[in-house]
Amino acid sequence: MEYNNQTSTDFFLSGLFPPSRTGLFFFILIVLIFQMALFGNLSMIILILVDTHLHTPMYFLLSQLSLMDLNFISTIVPKMAFDYLFGNKTISFIWCGVQSFFFLTLAGGEGLLLASMAYDRYVAICFPLHYPIHMSKRICALMIIGCWTMSSINSCAHTAYVLNISYCPSRTINHFFCDVPAMLTLACMDTWVYEYTVFVSTTLFLVFPFIGIVCSYGRVLFAIYHMRSAEGRKKAYSTCSTHLTVVTFYYAPFAYTYLRPRSFRSPTEDKVLAVFYTILTPMLNPIIYSLRNKEVIGALRRVIQRICSVKM
């Protein structure tokens, strides 16, 4: 095989939508979802910053989730939209590495952050008297720093590898962003050892946190079951089931994509699954975790009233 180590050579992204009316419909839909995600996540970040009632560990974690989702979808959709509109599907070698770095950092960080949020709810519901001790602002800050730091280190290692392997002359990535498994199919070398490290990383950043989330919510549901108030049980069950649905939307496609051997992967299937965790989840999270929350709605009303009183 002919090797190609020139880092100046561009990659080509195959994209997500075909150049047809159906493709145009889905493109417009994705753009609308992108705008909803921007508005929802920006609103949450601003509300938590300006309203002192939301300066608690739970909402600090929510603000970080919104920040990650905001950066997550912004890393993928603008480039994809530009490629579709202008037909320019090239991406430079370096920018492909940059996109992979941010994608992996945000993906791993969000997986750890969702587990931290589940732990926060577990302590709040199962051990309410010990909540100020187990979830102090210091511990919350350490959790957030840990999520960003661990995911960044993991991302640096993977990005450094994919930028230093030998690629074949064919530079077309069969995906709508620089996804590491899709890039590995273009390698002109044996990558089985690295694929094993991908499996280990996926287990550490997705599988174990997901197991922790399920266990936390299992204990929460058990505590809810023993509540005396039927209305309180109904409300808590509804909230937990909704949260678990969103968490599953995020973790399941990720794990299914990254834990499978290359021989079992389908590029079309990988693209469809990627839509869930790169586009749909960042749009759904502010709705499920935040905008349906009465305290958040109350904070929004206070901010609007404050703005109106200033104008008058």
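Details
- All positions within segment 36-62 that are among the small types (Gly, Ala, Ser) and either out of contact with any helix residue (DSSP H, G or I) (no Cβ under 7 Å at 6 or more places or on another chain) or open to solvent by 20 Å² or more (accessible area, probe 1.4 Å) (or both): Ser43
- Qualifying residue in segment 228-239 (condition: hydrophobic (A, V, I, L, M, F, W, C) and surrounded by 15 or more Cβ atoms within 10 Å (Cβ to Cβ)): yes
- Filtered by the rule that a residue be more than 11 Å from the chain's Cα centre (by Cα) and farther than 15 Å from Val162 by Cβ, segment 94-118 gives Ala115, Ser116, Met117, Ala118.
- When restricted to residues that are in contact (Cβ under 8 Å) with a residue 60 or more places away in the chain and either surrounded by fewer than 20 Cβ atoms within 10 Å (Cβ to Cβ) or over 21 Å from the mean Cα position of the chain (by Cα) (or both), segment 272-312 contains 11.
- Residue list for segment 85-138, restricted to those being out of contact with any helix residue (DSSP H, G or I) (no Cβ under 9 Å at 6 or more places or on another chain), among the aromatic types (Phe, Trp, Tyr) and open to solvent by 40 Å² or more (accessible area, probe 1.4 Å): Phe86
- Any hit, segment 259-275, residues being in a helix (DSSP H, G or I), closer than 22 Å to Leu106 by Cβ and among the aromatic types (Phe, Trp, Tyr): no
- Residue within segment 15-28 that is closer than 30 Å to Ile307 by Cβ, in contact (Cβ under 8 Å) with a residue 40 or more places away in the chain and assigned to a helix (DSSP H, G or I) present: no
- Candidates Ser155, Ser116, Ser201, Ser170: the one that is in contact with a His (Cβ under 8 Å, 6 or more places away or on another chain) and either polar (S, T, N, Q) or not in a helix (DSSP H, G or I) (or both) is Ser201.
- Matching residues, segment 68-84, being closer than 30 Å to Asn293 by Cβ and surrounded by fewer than 20 Cβ atoms within 10 Å (Cβ to Cβ): Asn71, Ser74, Pro78
- Criterion: in contact with a Phe, Trp or Tyr (Cβ under 9 Å, 6 or more places away or on another chain) and either surrounded by fewer than 16 Cβ atoms within 10 Å (Cβ to Cβ) or over 24 Å from Lys79 (Cβ atoms) (or both) - qualifying residue of Val180, Val193, Val207, Val198: Val207
- Scanning segment 173-196 for residues that are assigned to a helix (DSSP H, G or I) and out of contact with any helix residue (DSSP H, G or I) (no Cβ under 8 Å at 6 or more places or on another chain) gives Trp192, Val193, Tyr196.
- Count - residues of segment 255-271 that are aromatic (Phe, Trp, Tyr) and open to solvent by less than 30 Å² (accessible area, probe 1.4 Å): 1
- Considering residues of segment 158-176 that are exposed (fewer than 13 other Cβ atoms within 10 Å of the Cβ) and of a type outside the set (S, T, N, Q) only, the residue farthest from Ile76 (Cα to Cα): Pro169
- Among the residues of segment 19-35, those identified as farther than 18 Å from Leu70 by Cα and either open to solvent by 70 Å² or more (accessible area, probe 1.4 Å) or modelled with pLDDT of 90 or more (or both) are Pro19, Arg21, Thr22, Leu24, Phe25, Phe26, Phe27, Ile28.
- Test: residue in segment 138-148 that is modelled with pLDDT of 90 or more and within 19 Å of Val98 (Cα to Cα): yes
The values are calculated or read from the model by the stated rules, or taken from the named source; none is laboratory data. Treat the numbers as computed from the prediction; the structure is a model and nothing was measured. Positions of Cβ are generated from backbone atoms using ideal geometry, with glycine treated the same way; all protein chains shown enter the neighbour counts. Accessible surface is based on the protein model in full, side chains and every heavy atom, while ligands, DNA and RNA are left aside. Shrake-Rupley method; radii C 1.70, N 1.55, O 1.52, S 1.80 Å.
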